[in-house]
2 protein chains.
Amino acid sequence: MQIAFVLYDGFTALDITGPHDVLNALPHTEPVFVAEQAGPVANESRSLSLVADRSLAEVTSPEIVVVPGGLGTRALLEHEPLLSWLREVHETTTWTTSVCTGSLLLAAAGLLDGVRATTHWLAREQLAALGAEVVAERVVEDGRIMTGAGVSSGIDMALTLVKRMYGEEAAEAVQLGIEYDPAPPVDSGSPDRARPEIVAAVTTIFQASEKEFVASVTAA
Amino acid sequence: MQIAFVLYDGFTALDITGPHDVLNALPHTEPVFVAEQAGPVANESRSLSLVADRSLAEVTSPEIVVVPGGLGTRALLEHEPLLSWLREVHETTTWTTSVCTGSLLLAAAGLLDGVRATTHWLAREQLAALGAEVVAERVVEDGRIMTGAGVSSGIDMALTLVKRMYGEEAAEAVQLGIEYDPAPPVDSGSPDRARPEIVAAVTTIFQASEKEFVASVTAA
């Protein structure tokens, strides 16, 4: 089972490695990291690079596609090489999935028109504007499309995928293997539960980061 | 604040990207991926490569060190280039940390003698044999050393570090930023709660993977 993990300039590392480490625990998988061109691809803060094994052109019929989010998504909403590839492979995938703002790319490719989907809480309006029926849940399934909310939700999204494909015991085994027994030291994981001043601060920081990232790629 | 993320042949991706995406959200950080030699470093299943920016020799006084786990740890328990480096940088770090079986490397370097520490549930005996006082908790702090349990615990470990260094509000902001609001679709994250047959299956799979990995590096 070939699983295409999509990379692009400005992805978020945990968005893609979370699902990878979950799905890669399954037997008989062939994970492949794919980007417009093969080679190292930098994350949104240019603090790490993951290597793309193959170019988009070399991966034509993956059974699962995982599209991570990241500040880089905003520069790709009209970027046909990636959007056309997503449209084409989606015709034959078993599952097309995304994490965080990766769903903006699925939507920009036209795959989420009227489809129930989620994204990072700060990008919900943007996702709705791109045609999706936005649902404020952590993992959302609609037909062959499964989307996860912000960053760390990719772990839950991928475990949900394992459960749907291979059953409860398989999901339990993978969860135990990665010892996914969350115990955050604070309780502020969603905008509904976080203190208003924390929500405001994070909103400000993200908007500034987005502006800075867009400026950096425009200048390049 | 320089944060050294250590890479070696056979690391686990989520072990290192979890803490990275948490710590990298802080202002004024200088993350650096470091390995014996700079360049791409393959994970334990050879399914992805992260790029090391610098060699160990080039990073001499990081303020934080994060050592991931992975099947590759077993081949490094007497590997002086890495162990000496860990000993040397630990003299001046503010925090020396590990995730999963990364603590085996800290222990092999002599940094956990009589120190309270944790690891992946399948490696607890091995960690005790290396001199640590093993505690079956998700995040364990002892002096300047903080260790996390298996794989995904790196997220909780790093959030705990943020809380200790910058306070509760900072940890809350980072948690909200990565939308860490876990909702696993099954409840099997620890060996205490998982069904015995799942514990047995995962134990068998890990032992086989370990054997296979060791054989592959020995053959290379």
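Within the range B:1-37, the set of residues being over 19 Å from residue A:151 (Cα atoms) and touching a Gly at 6+ places or on another chain (Cβ under 7 Å) comprises B:8, B:9, B:10, B:11.
Evaluated against (1) of a type outside the set (D, E, K, R); (2) surrounded by 24 or more Cβ atoms within 10 Å (Cβ to Cβ); (3) in contact with a strand residue (DSSP E or B) (Cβ under 7 Å, 6 or more places away or on another chain), residue B:151 falls short on exactly one condition, (3).
Selection of the range A:188-206 for residues being under 21 Å from the mean Cα position of the chain (by Cα), surrounded by fewer than 19 Cβ atoms within 10 Å (Cβ to Cβ) and free of Cβ contacts under 8 Å to residues at least 40 places away in the same chain yields only A:205.
Assess whether residue B:4 counts as being in contact with a strand residue (DSSP E or B) (Cβ under 7 Å, 6 or more places away or on another chain), more than 18 Å from residue A:40 (Cα to Cα) and in a strand (DSSP E or B). Yes. A single entry from B:34, B:6 fulfils the requirement of being touching a residue at least 24 places away in the same chain (Cβ under 8 Å) and under 19 Å from residue B:110 (Cα atoms): B:6. Within the set B:159, B:111, B:127, the sole residue that is of a type in the set (A, V, I, L, M) and touching a Phe, Trp or Tyr at 6+ places or on another chain (Cβ under 9 Å) turns out to be B:159. Could you say which residue among B:214, B:202, B:174 is facing chain A (nearest Cβ under 7 Å) and assigned to a helix (DSSP H, G or I)? Just a single option satisfies the conditions, and that option is B:202.
Residues that are outside any loop (DSSP other than H, G, I, E, B), at the interface with another protein chain (Cβ under 7 Å from one of its Cβ atoms) and either more than 22 Å from residue A:173 (Cα to Cα) or charged (D, E, K, R) (or both) within the range B:177-199 comprise just one, B:177. Kindly establish whether residue B:160 is buried (at least 24 other Cβ atoms within 10 Å of the Cβ) and more than 11 Å from chain A (Cβ to nearest Cβ). No. Every condition in (1) surrounded by fewer than 22 Cβ atoms within 10 Å (Cβ to Cβ); (2) within 28 Å of residue A:210 (Cβ to Cβ); (3) within 13 Å of chain B (Cβ to nearest Cβ) is met by residue A:2 except one, and the failing one is (2).
Output the residue which, of all residues in the range B:173-220 that are in contact with a helix residue (DSSP H, G or I) (Cβ under 9 Å, 6 or more places away or on another chain) and hydroxyl-bearing (Ser, Thr, Tyr), is nearest to residue A:155 (Cα to Cα). Only one residue fits best here, namely B:180.
With at pLDDT below 95 and of a type in the set (A, V, I, L, M) as the only criterion, which of A:215, A:129, A:136 stands out?
Working: A:129 fails: at pLDDT below 95; A:136 fails: at pLDDT below 95.
The conditions single out A:215.
From the list B:79, B:28, the one residue that fits, being modelled with pLDDT under 95 and more than 14 Å from the chain's Cα centre (by Cα), is B:28.
In the list A:122, A:111, A:77, A:83, which residue meets the criterion of being touching a residue at least 24 places away in the same chain (Cβ under 8 Å), over 26 Å from residue B:43 (Cβ atoms), in contact with a Lys or Arg (Cβ under 8 Å, 6 or more places away or on another chain) and not hydroxyl-bearing (Ser, Thr, Tyr)?
Just a single option satisfies the conditions, and that option is A:111.
The set of residues in the range A:10-26 being within 7 Å of another protein chain (Cβ to nearest Cβ), touching a helix residue (DSSP H, G or I) at 6+ places or on another chain (Cβ under 7 Å) and assigned to a loop (DSSP other than H, G, I, E, B) consists of A:12 alone.
The values are calculated or read from the model by the stated rules, or taken from the named source; none is laboratory data. Please read all numbers here as calculations on a predicted model, not as lab measurements. Note that we place each Cβ from the backbone using ideal geometry, even for glycine, and neighbour counts take in every protein chain shown.
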